[in-house]
1. Report yes if some residue within the stretch 379-388 is in contact with a strand residue (DSSP E or B) (Cβ under 8 Å, 6 or more places away or on another chain), exposed (fewer than 15 other Cβ atoms within 10 Å of the Cβ), of a type in the set (Asp, Glu) and in contact (Cβ under 8 Å) with a residue 12 or more places away in the chain; otherwise report no.
2. When the residues of the stretch 103-150 are filtered to those that are among the charged types (D, E, K, R) and buried (at least 20 other Cβ atoms within 10 Å of the Cβ), which remaining residue is modelled with the highest pLDDT?
3. Does Ala329 qualify as being in contact (Cβ under 8 Å) with a residue 40 or more places away in the chain and in a helix (DSSP H, G or I)?
4. Among the residues of the stretch 406-449, write down those that are without any contact (Cβ under 8 Å) to a residue 24 or more places away in the chain, touching a helix residue (DSSP H, G or I) at 6+ places or on another chain (Cβ under 9 Å) and in a strand (DSSP E or B).
5. Could you tell me whether any residue of the stretch 579-594 is crowded, with 20+ Cβ neighbours inside 10 Å, assigned by TED's automatic domain parsing to the domain that holds Ser425 and either touching a strand residue (DSSP E or B) at 6+ places or on another chain (Cβ under 8 Å) or not aliphatic (A, V, I, L, M) (or both)?
6. Of (1) touching a residue at least 40 places away in the same chain (Cβ under 8 Å); (2) β-branched (Val, Ile, Thr); (3) not assigned by TED's automatic domain parsing to the domain that holds Arg210, Ile257 satisfies all except one. Which?
7. Please enumerate the residues belonging to the stretch 397-427 that are surrounded by 10 or more Cβ atoms within 10 Å (Cβ to Cβ) and among the acidic types (Asp, Glu).
8. Identify all residues within the stretch 721-750 that are polar (S, T, N, Q), over 26 Å from Ser602 (Cβ atoms) and part of a loop (DSSP other than H, G, I, E, B); write none if there are none.
Amino acid sequence: MDKFKSWYSKFMPYKHRTVKGFNITYGVVWNLMLIFFVIGLIAASFGGGLGAGYFASLVKDEPLRTYSSMKKDIYNYEETSQIYFSDSVYLGKLRADIERQEVKIDDISKHVKNAVIATEDEFFYEHDGVVPKAIMRALFQEVTNSSNRSGGSTLTQQLIKNQILTDEVSFDRKAKEILLALRLERFFEKEEILEAYLNVADLGRNASGRNIAGVQAAAQGIFGVDAKNLTLPQSAFIAGLPQSPFGYTPFTNRGEIKENLDAGTSRMKTVLKRMYAKGFISQKEYEEAATFDLRKSLAKAKPSSFEQYPWLTYEIEERATDIILTQLAEKDGHKLDELKKNKELYAEYKALADRNLRQNGYKIHTTIQKDIYDKMKTIAESYEYYGSDKTEVKVDKDTGKKIQVQEPVEVGAVLIENKTGKIISFVGGRNHKREQVNHATDTPRSNGSTMKPLLAYAPAMETGAIQPGSVLADVPLQIGEWNPKNFDGRFHGFTSARYALEKSYNIPAIKSYLKVIDQNPLNYLKKMGVTTISENDGGPATSIGGLTNGITVEENVNAFATFANEGKFIDAYLIEKIETKSGEVIYQHKSKAVDVFTPQTSYLTIDMMRDVIKQGTGTAAKNYLSFSADWAGKTGTSQEYKDIWFVGTNPNVSFGTWMGYDTPKSVEKDYKGMSYSRRNILLWSKLMNAAHEVNPGLIAPKETFKMPGGIVQKSYCALSGDLPSAMCQQAGLVATDLFNAKFVPTKTDDSLTSGKYVYVKDRAYQVPPSAPSEFVQQGVMLKKEILQKHNLSSFSDLKELLPNKTNWGNIVVTDGNQIRDNGSAPSQVSGVRISGGQLSWNMSGDSDVIGYRVYAAGNFSKNFRKVASIPASKSLSASIGGSPAAYYIAAVDVAGKESPASATVTSGSYQAQKPATKPADTQPKDPKPADPKPVDPKPKDPKPADPKPDPKPPEKPADNGEQTPPAEKPNG
């Protein structure tokens, strides 16, 4: 105890000193810590304020976005528009830089969602849009200007970057991204954000080599399945693509599978590992998925709609773009006609409409019937009677040098439903890879004689200038320096409008057009949708196809449908409706009828065109078609056979084909034994037969064109188109046709008279009373005044006005003057001879000789007497048989004077007198000389033909050789 006390007494001083030292040290440390804390707090506050101020400065220009605006932005991803045949039959997708198809989150495999979260954003369901650690890392990298910057963005941030901001690498953009990500998380659920991300992510290429985005496009394009059916390894592969879409994609830009797929499969395994590490899959699932054979599961390349249907896809794009353009322009208060005058503004709206169409995922429904289109496409590509390729010199676009190319005969065809205007099908050409222009819709060409019903006849009938039975003189015609010709190079005299159209004569069509040319008949074409009319059109040549710019197949066929629609034009269309991806209809086609012709004019035109197919230039179609319908149509050929047409219409549809070279040049008149017209009609028929196989009810209606009220059947004189006179009936020239009741003829024909006439050198003349009756005939004669009726005052040969038809042979055409006596007797006839029982002689050189008398004397006689009178128009011969006789010929003039006897010729063993014999008392009395037998003039006068009521008996139809002069011909 004492020791303890001793120790304690010694220790206490040290204790006090130690405690005191500890207290001092503690105080110093505490104060230092307090000072450092305060300094740190001040520094932190300053740094935070500085950072906050810097952050604020970066986002000061970023607007405060509302829920609606952010929703619009994140869901405003490009989605490929889809196109459909009629009846919602899927066709394909429009061309786009990136193919994307929206899919709902519930229709996406859970493996895809888990794989993306495990790989791209493991804390997706915990964070509020950003991860602080990633923010600090980004701040540090920005301050230190690190070259090794990492991503670390959440899915929310990536969505912001893709849909609202840009790919710019800067802290400015990063700050805005953070701000917007935080705001986006306040407005949207996690599943909404994930769905949007999965629809916008870039995912490389599909099996056809096209760029794709969104999990649905990736699932279909890479593996050939929908997003909801993706397996675990497939999901892992797709989830790994965003890091390097084109590095990991298994396909090249040509749609070929890469030789080395290691990069993609390695990335897939990395994703699987992360999924396993995060507990999304079991070890067994991981091990099984890791053995996935990527190459074997890849989808096969599928041709795009543009590759399968290039002309159709492009046509849909063009027409749909125009529809969207119109809507956008009207929304901004612009009228389309005015907008087209401002090229720059129009181009701006065009580009906007094109982008709008390709990016908004529209569903575009068309009128095209797939099976008909497919069959027509096959036939057009395999048809073997187009003709030979021809050499053409062109300028190479790349080198600028002239090169020789082989141009084939091209084709364009359009099938339209009359009552609706639906384009059921079309043929754009033979090979889109060779020539991309659409020959059905975008290639105006001269339509030749298919213009005649549209412009030459229908407008004239509408105004009452002509009717089907109106007579038009097909004779030489001169308009300025232009002398139009018919395709056969001949003229056919008086012909009805109906018959002229049937045979496709040019001159009657021009004359019909000239009757209404001062009433601006081009307005009818404009009403029928023809958009290619120029200021230079409207002259006489236009009536037979001479348009400056030509006309497209679509517009030509569409115009013909006007007649089938009782004179109402319904514009052809191809786009039925356009829907948004949500099913909202933003465009629905509505047909509008335009009155062009009356039902009466339309029916009369149809009825005239029926004859074209029944017995005219289009008759070959009857033999080629495999079905029956009430068809009316028209053939057409432009100048020098550069364009070959045939357009037909029945109560349901109108269909037309064109053939020709892209660089206009003559089509072969004959190829493989077929004329140019028949080759085109055969193609037309094959295409129609194919359409009929698919839809017989549409192509071959049982009903016929119905005759409207206001049409009557009337007889008329085929010589003038007027009511038939007794003389017309006597001549057998009464015909019957249909008339618009408003324009039935009221005047009786006065073109004929009855009189006496003789023929001299194949020409008929009226004769004076002094003419010997034995040579004079009585009959129906054509008055010369007929020339004035047809404005033919300078045309002198009336005989050429008569068609080459049997029933027109009853008309006698005189020159209008009597044959005049020259005052002296005819000169002696020469060249009298007998050969083979035929007596013949030379024609008299006197102009007033109207006939010849044959005189004969029997054997053993010199007593000549007249045995025959031969008109000057007959053959200068007579059959005399073989009996012994002597003959001479005398010419007779119009005054009855006779020429001196010609030299005498004999036949058989003729003797002028009997030879000397025994004394008279022992001989019998001389017999009376036998009279020579009557002379039989050869050939005998033909018996007059019986009058026939039909002035146009069936003739073998021409093979459509009609030609059209070029548009540069004088416009009259």
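1. Step one: of the stretch 379-388, the residues in contact with a strand residue (DSSP E or B) (Cβ under 8 Å, 6 or more places away or on another chain) are 380, 383, 385-388.
Then drop every residue that is not exposed (fewer than 15 other Cβ atoms within 10 Å of the Cβ), which leaves 388.
Cutting the leftovers down to of a type in the set (Asp, Glu) gives us none.
No, because not a single residue in the stretch 379-388 is in contact with a strand residue (DSSP E or B) (Cβ under 8 Å, 6 or more places away or on another chain), exposed (fewer than 15 other Cβ atoms within 10 Å of the Cβ), of a type in the set (Asp, Glu) and in contact (Cβ under 8 Å) with a residue 12 or more places away in the chain.
2. Lys113
3. no
4. none
5. no
6. (3)
7. Hits for the stretch 397-427 are Glu407, Glu410, Glu417.
8. Hit for the stretch 721-750 is Ser725, nothing else.
The values are calculated or read from the model by the stated rules, or taken from the named source; none is laboratory data. In this text the structure is predicted, and so the values were computed from the model without any measurement. Neighbour counts are summed over all protein chains in view; Cβ atoms, including those assigned to glycine, are modelled from backbone coordinates with ideal geometry.
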